[in-house]
Amino acid sequence: MDFLRPAGWEEALAAKAEHPTAVPIAGGTDVMVEINFDHRRPAYLLDLNRIPELHEWETGGDHVRLGASVPYTKIMENLRAELPGLALASHTVASPQIRNRGGVGGNLGTASPAGDAHPALLAAGAEVEAESVRGTRLIPIDEFYTGVKRNALQPDELIRAVRIRKADGPQQFSKVGTRNAMVIAVCAFGLALHPGTRTVRTGIGSAAPTPVRAGAAEEFLNAALEEGGFWDSGRGITPSVVRRFAELCAAACDPIDDVRGTAGYRRHAVGVMARRTLTWTWESYRDASKGGA
Amino acid sequence: MRVNLTVNGRPQQADDVWEGESLLYVLRERLGLPGSKNACEQGECGSCTVRLDGVLVCSCLVAAGQAEGREVVTVEGLADHAGQRAGGTESRTGGTDPRTGEGTELSPIQQAFIDAGAVQCGFCTPGLLVAADEMLERNPDPTDEDIREALSGNLCRCTGYEKIMDAVRLAAARQSEGS
Ligand SMILES: Cc1cc2nc3c(=O)[nH]c(=O)nc-3n(C[C@H](O)[C@H](O)[C@H](O)COP(=O)(O)OP(=O)(O)OC[C@H]3O[C@@H](n4cnc5c(N)ncnc54)[C@H](O)[C@@H]3O)c2cc1C
Ligand code: FES
Ligand code: FES
């Protein structure tokens, strides 16, 4: 095995181009588990710890450009206002030790359906900034997850950053697990209200081969909110609308039975989380619009 | 490969390190510092917890090469680390074993663990001490909720955690009296 330790971003891209099979290692919280248990024995490890810009974020404009290696702890501490959904999701990851090392770049690299960043990114709206010596491209988050633990990166590409739309309304993240600390999600749900565009976006984790949005549920809800004039009136959403939304979210799942839960339980839980997160965010939206009026 | 790093204030060099090796393995097997424990090697138990450039991490999940040029504090150096924070300028390792920390006056959190009876088999203790000390550094006046959160990455199979909670409360109280 070779340990490649580029001192800068250009050098890292060159190394990845030269050794496309090299496994990038950022926080190592996924990679090292695989190596410790001999599940993976790459010919090259490509250390990303020494690249300063991967640990930085920029908040100018309408999105946050979040460096791939910014650890969850920093997101929770510094980006709660801009990225409330992702900050909530970050807080549910593992333990302080893991949150101090792991970040969104690694979560995207692993692309596990159980990764907690994914529902938050899907709900907020995001693009993955993938770069190689050939150039940079922006991959819409909806197109990033291509299969179970597979993503849209090319072998010579690295994730430079994730561009996440800044919150323009309330966001929520909810996760079902057996206890508070250190749980892999049985399933998870992210929801973001976007009053600017009068849309609601969702993200579902651990309930399909990849993280997914509940597209039909979003369409139904967006139409119902528009028709009912809810965005303007700030009225509570009709219970039958909330119920139908929750059913459609549950229907968007394609879950499996595994040791953490059955498919039926997952579908049910996603429906419950959809109802709750919609209710919570809509309450905050109403409070804010009352306060602002 | 060779890895150079500073451990508990002392420059160290480890040779013949395998590229996929963890920092935990280097500390225990190459540098003779067995205080950090190896239980799960998958980030679940926290018994390998150390500070890496001040940050609380599981050393089993840090690749040895990632520690090149960095500063590591292990439980063996905790008393010194806490002493310096409390304003002790001169190193307290004089007359003691600088590798094991043997003979050094204990840090407040270590003393509190003993006084509160928070140690049974002791396997989880080094990781808990490093984690609790890091919290006290950031947050000298923690609530019970803060303590639980800060120690949520450290498992103990013996104590049921109540005595550990007592110990951290005790250390916090003593620390605030002392200042
Ligand atoms: C005990 C424990 C509990 C956990 N609990 C959770 C949890 O609750 N929720 C959760 O979502 N995850 C959890 N995880 C998984 C892990 O912490 C996350 O997936 C984390 O986000 C990984 O980030 P990292 O920087 O450590 O990634 P690494 O392990 O460094 O890398 C992960 C993958 O991403 C690739 N990669 C990293 N950076 C880049 C980049 N810039 N460009 C291209 N590829 C890259 C790597 O090659 C690798 O394939 C847990 C892990 C452990 C050990
Ligand atoms: S040995 Fe590192 S967390 Fe268990
Ligand atoms: S004292 Fe035995 S594991 Fe904690």
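The values are calculated or read from the model by the stated rules, or taken from the named source; none is laboratory data. Since the model is a prediction, treat every value here as computed from it, not as a measurement. Please note: Cβ atoms are built from the backbone with ideal geometry, for glycine as well, and neighbour counts cover all protein chains shown.
Considering only helices (runs of 4 or more DSSP H) fully contained in the range B:124-179, which possess at least 3 residues that are in contact with a Ser or Thr (Cβ under 6 Å, 6 or more places away or on another chain) and within 16 Å of ligand 2 (Cβ to nearest atom)?
Numbers: elements: B:125-138, B:144-150, B:162-178.
Qualifying helices (runs of 4 or more DSSP H): B:125-138.
Considering each of A:82, A:53 in turn, give the residue that is away from chain B (no Cβ under 11 Å), touching a residue at least 60 places away in the same chain (Cβ under 8 Å) and touching a Ser or Thr at 6+ places or on another chain (Cβ under 8 Å).
Unique residue meeting the criteria: A:82.
Of the conditions (1) over 19 Å from residue A:163 (Cβ atoms); (2) modelled with pLDDT of 95 or more; (3) within 13 Å of ligand 1 (Cβ to nearest atom), residue A:119 satisfies every one except a single condition; which number is it?
(1)
Looking only at the range A:8-38, which residues are part of a loop (DSSP other than H, G, I, E, B) and more than 11 Å from chain B (Cβ to nearest Cβ)? Steps first, please.
Initial filter on the range A:8-38 (part of a loop (DSSP other than H, G, I, E, B)): A:8, A:19-22, A:26-30, A:37-38.
Answer for the range A:8-38, where residues must be part of a loop (DSSP other than H, G, I, E, B) and more than 11 Å from chain B (Cβ to nearest Cβ): A:8, A:19, A:20, A:21, A:22.
Can you name the number of the only condition in (1) hydroxyl-bearing (Ser, Thr, Tyr); (2) farther than 17 Å from residue A:96 by Cα; (3) at pLDDT 95 or above that residue B:96 fails?
Checking residue B:96 against (1) hydroxyl-bearing (Ser, Thr, Tyr); (2) farther than 17 Å from residue A:96 by Cα; (3) at pLDDT 95 or above, the one that fails is (3).
Please enumerate the residues belonging to the range A:105-119 that are more than 16 Å from residue A:70 (Cα to Cα) and among the aliphatic types (A, V, I, L, M).
Answer for the range A:105-119, where residues must be more than 16 Å from residue A:70 (Cα to Cα) and among the aliphatic types (A, V, I, L, M): A:111, A:114.
Starting from the range B:28-48, take each residue that is touching a residue at least 24 places away in the same chain (Cβ under 8 Å) and list its partners that are part of a loop (DSSP other than H, G, I, E, B) and among the acidic types (Asp, Glu), counting only C-beta distances under 9 angstrom and pairs at least six apart or across chains.
Taking only residues 6 or more apart or on different chains, the pairs are B:48/B:41.
Looking at the range A:91-186, what helices (runs of 4 or more DSSP H) fall wholly within it and have at least 2 residues that are free of Cβ contacts under 8 Å to residues at least 40 places away in the same chain? Steps first, answer last, please.
On the way: elements: A:96-99, A:104-110, A:117-124, A:141-144.
Qualifying helices (runs of 4 or more DSSP H): A:96-99, A:141-144.
Just for the range A:159-199: of the residues that are closer than 20 Å to residue A:63 by Cβ and of a type in the set (A, V, I, L, M), which one is surrounded by the fewest Cβ atoms within 10 Å (Cβ to Cβ)?
Top of the filtered list is A:167.
Can you say whether residue A:66 is assigned to a strand (DSSP E or B) and either touching a strand residue (DSSP E or B) at 6+ places or on another chain (Cβ under 8 Å) or away from every other protein chain (no Cβ under 14 Å) (or both), as far as the supplied structure shows?
In short, yes.
What tally of residues in the range B:20-41 results from selecting those that are at positive phi and within 14 Å of ligand 2 (Cβ to nearest atom)? Show your work before the answer.
As a first pass, look at the range B:20-41 and keep what is at positive phi: B:32, B:41.
With within 14 Å of ligand 2 (Cβ to nearest atom) added as a condition, the list becomes B:41.
Final tally of qualifying residues: 1.
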